[in-house]
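Encoded as structure tokens, the structure appears first; notes follow it.
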């Protein structure tokens, strides 16, 4: 008789365990269904949002691995550390499109700008030509937001093997060399990694 009682208790426990397992599996399927139905169609592009903040890890990555390729100087009363790519600024007497990374170490921000210390030809727009399309990017004003929009447009237009040219005020179109386009890609990639956009 004791044996029958033990079997009954065993069966009762097994039924509870099965019902809890079924409840958990049903709950898990319901949660997965809710998550799948509420996910956005695609993730937003981080480049669409203007942001100049850097993190400690991105600063360390840039400082330890990438800053070797840059000449560093300080400007504005030592507030900004300015990084100029050596291959972009040292190889040519006049860089056509000199970009520099301005890092404000006090507020952990970084900006990309047309280099104010370099002389470059006067131009009003950049043209980037791919095999199937062409982009015209207007010259930015001197605000940080405008410079960010300009750099973002350059970065997006340089995907692939785009030819680039400057449209000067008077005169002929100035085409950028392959070396200069490669150097610009490096600067843009390093900057957008520094501000956590890539």
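Restricting attention to the range 131-156, which residues are touching a helix residue (DSSP H, G or I) at 6+ places or on another chain (Cβ under 8 Å), more than 28 Å from residue 75 (Cβ to Cβ) and either loosely packed, with under 15 Cβ neighbours inside 10 Å or modelled with pLDDT of 85 or more (or both)?
Within the range 131-156, 156 is the sole residue that qualifies.
Does residue 85 count as assigned by TED's automatic domain parsing to the domain that holds residue 169, within 18 Å of residue 142 (Cα to Cα) and either under 21 Å from the mean Cα position of the chain (by Cα) or at pLDDT 90 or above (or both)?
no
Going by the conditions given, is residue 126 touching a helix residue (DSSP H, G or I) at 6+ places or on another chain (Cβ under 9 Å) and either modelled with pLDDT under 90 or part of a strand (DSSP E or B) (or both)?
So residue 126 passes the test.
Of all residues in the range 8-58 being modelled with pLDDT of 85 or more and not in a helix (DSSP H, G or I), which is surrounded by the fewest Cβ atoms within 10 Å (Cβ to Cβ)?
49
Show the residue pairs that are 6+ apart or on different chains and have beta-carbon atoms under 7 Å apart, the first residue being within the range 116-129 and farther than 13 Å from residue 172 by Cα, the second being modelled with pLDDT under 75 and surrounded by fewer than 14 Cβ atoms within 10 Å (Cβ to Cβ).
These pairs meet every condition: 119/94; 120/94.
Name the residues in the range 164-196 that are over 16 Å from residue 88 (Cα atoms) and touching a helix residue (DSSP H, G or I) at 6+ places or on another chain (Cβ under 8 Å), would you?
Across the range 164-196, the qualifying residues are 192, 193, 194, 195, 196.
Please find, among 159, 169, the residue that is at pLDDT below 85 and within 20 Å of the chain's Cα centre (by Cα).
159
The values are calculated or read from the model by the stated rules, or taken from the named source; none is laboratory data. Remember, predicted model here, so these are calculated numbers, not experimental data. With ideal geometry, Cβ positions are generated from the backbone for all residues, glycine too; neighbour counts draw on all protein chains shown.
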